[in-house]
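Read the structure below first, then the notes.
The values are calculated or read from the model by the stated rules, or taken from the named source; none is laboratory data. Please read these numbers as outputs of a predicted model, since none were measured by experiment. Backbone-built Cβ (ideal geometry, glycine too); neighbour counts: all protein chains shown.
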Amino acid sequence: MLRYLLTTLMILGVCALPAQQNKEVWSLQDCILYARQNSIAIKRAQNAIANAELGQQQAKHNRYPNLNSSISGGYQFGRTIDPVSNTFNNTQIGFNSFGLNGGMLVFGGNQINNRIQLAKLDLAAAQMDAEFITDNLSLQIANAYLGILLAEEQLEIVKKRLEQSQQQLDQTDKLIQAGALPENDRFDLVSQVALDQQSIIDAENQVRISYLNMQQLMLLDPQENFRVQRPTVIVPEDFNPDVLSPNEVYTTAYNNQANMKANELRMQSAEKNVDIAKGAFLPRLSIFGGISTNFSTVARRFSSMPGTTEQTVLLNGEPITLEFPTNIPVAEDYPYFDQLSENLGQNVGASISIPIYSNYSAQISTERARLQVITQELANQEAEQTLLTNINQAIANARAAQRSLQAAEAAVEAAEAAFENAQNRFDVGAINSLEFSTARLNLDQAQISLLRAKYSYIFNVKQIEFYQGKTITLN
């Protein structure tokens, strides 16, 4: 789609200094680049892309194991269980424990893989949305640019009309002073000069409005010293809208338009959501493992020391005391790190969860996902119909604009001939100033109509060529 953006930039075939170097004269490319950098809609689309990228990262990381550590410590009062010896003690016990646990989902109804693919589709759709917004903005800028050129050319025509009216008034005044014309002949020309001055004011206002429209699209400060370049606009002569097939143009546009690709990706995303929902019906297999240890202030380590014990026995009826060797237990302090080392325990295992009944939530989720597929399918059909309608309308507009341009050219030729004849007759006094002004006004109106038809036809042609994916130039 970058090709189509570059195509739009070439609509007027202008080449100028970058806007950063010269902010007073802007080419179409400068306007489009500036609008792209400042457009709120494009920035919003870029944020959507960034959010989709985060979603893709999360989906990929969900397949990795999780690992958590825990540390606890405190005091127990009253009758409590010693966490080391697991015996009751009616005393104050200080304790400290450490743990490290991990787990991993081995199989979860293939939901992780499906979510990764879903996130990938959502990211691609967001990128297509941003591309479509950029292309659409470029077309709007191009249309506004043409509007400025049209308004400025109309202003030039009105200025030339005022200049001619003033020249006629000056010539008439000379003839009146020479006695060749009555004084009343100047009144119509004075009125015409005033009307032309008013037309200039209206034309200048239209130029300002056209510039404001462009600046609003670009989000450019209206106080900025902003002027566009005036390229030579050429009407394409080898373009014939009458031979265009709307279905062929539609097929090309469907394969190239970013919003159509985004809709296809969203359809695939909706179908992937159905697969994810179905995964809730399948068992889930997980593995886990952990390691832990603890410390207690009341824990003691026992050792033994050698000693003897006496025992009296009867021998032939006489008591005899005998001594036996024995080991006497001795309680010692249990150092902190020794306890942590000797209380170390590990565990590993696996668990499987088999869904039997989940309050019908899995079934409802699956049905909702299927309904979303239908909803997206209807949205795609609506977008396709809108595209086909727009293409048919663009072709119809181009055909009408071409005929209007041909008629305007013929009208200008006739008006020029009529004006030339009126000029000759006015110079010899065969017609009055009112008849001459009427002929000139008809010529001006015909020229303005030709300008409007010209720019309307050019934009319609470029719009169709954009749908066709062609490289658009004015040569």
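Here are some notes:
- Qualifying positions in the range 216-232 - surrounded by fewer than 17 Cβ atoms within 10 Å (Cβ to Cβ) and closer than 30 Å to residue 392 by Cβ: 216
- Subset tally (residues that are among the polar types (S, T, N, Q) and free of Cβ contacts under 8 Å to residues at least 60 places away in the same chain) for the range 27-53: 3
To keep it simple, each residue is scored yes or no on (1) more than 30 Å from residue 354 (Cβ to Cβ); (2) touching a Ser or Thr at 6+ places or on another chain (Cβ under 8 Å).
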residue: 242; (1), (2): yes, no
residue: 245; (1), (2): yes, no
residue: 254; (1), (2): yes, no
residue: 259; (1), (2): yes, no
residue: 266; (1), (2): yes, no
residue: 269; (1), (2): no, no
residue: 273; (1), (2): no, no
residue: 292; (1), (2): no, yes
residue: 297; (1), (2): yes, no
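- Close pairs from the range 235-253: first modelled with pLDDT of 90 or more, partner outside any helix (DSSP H, G or I), Cβ under 7 Å, at least 6 apart: 252/469
- Selection status of residue 379, in contact with a helix residue (DSSP H, G or I) (Cβ under 8 Å, 6 or more places away or on another chain), at negative phi and surrounded by 15 or more Cβ atoms within 10 Å (Cβ to Cβ): no
- Residue match in the range 390-408 (condition: more than 33 Å from the chain's Cα centre (by Cα), basic (Lys, Arg), farther than 30 Å from residue 290 by Cβ and surrounded by fewer than 16 Cβ atoms within 10 Å (Cβ to Cβ)): yes
- Test: residue in the range 63-71 that is under 22 Å from residue 285 (Cβ atoms), part of a helix (DSSP H, G or I) and in the same structural domain as residue 291 (by TED's automatic domain parsing): no
- Residues considered: 102, 94, 74. Of these, the only one that is assigned by TED's automatic domain parsing to the domain that holds residue 28, in a strand (DSSP E or B) and surrounded by 15 or more Cβ atoms within 10 Å (Cβ to Cβ) is 102.
- Test: residue 223 is in a loop (DSSP other than H, G, I, E, B), in the same structural domain as residue 348 (by TED's automatic domain parsing) and of a type in the set (S, T, N, Q): yes
- Close pairs from the range 63-85: first at pLDDT below 70 and acidic (Asp, Glu), partner outside any loop (DSSP other than H, G, I, E, B) and surrounded by 10 or more Cβ atoms within 10 Å (Cβ to Cβ), Cβ under 7 Å, at least 6 apart: 82/89; 82/93; 82/296
- Residues in the range 413-433 that are among the hydrophobic types (A, V, I, L, M, F, W, C) and either touching a residue at least 24 places away in the same chain (Cβ under 8 Å) or not in a loop (DSSP other than H, G, I, E, B) (or both): 414, 415, 417, 418, 419, 422, 426.
- Sub-7 Å Cβ pairs linking a first residue in the range 386-412 that is within 24 Å of residue 253 (Cβ to Cβ) to a second residue that is outside any helix (DSSP H, G or I), at least 6 apart or interchain, are 387/257; 395/244, ordered by first then second residue.
- Residues considered: 140, 117, 127, 164. Of these, the only one that is under 21 Å from residue 436 (Cβ atoms), in the same structural domain as residue 270 (by TED's automatic domain parsing) and assigned to a helix (DSSP H, G or I) is 164.
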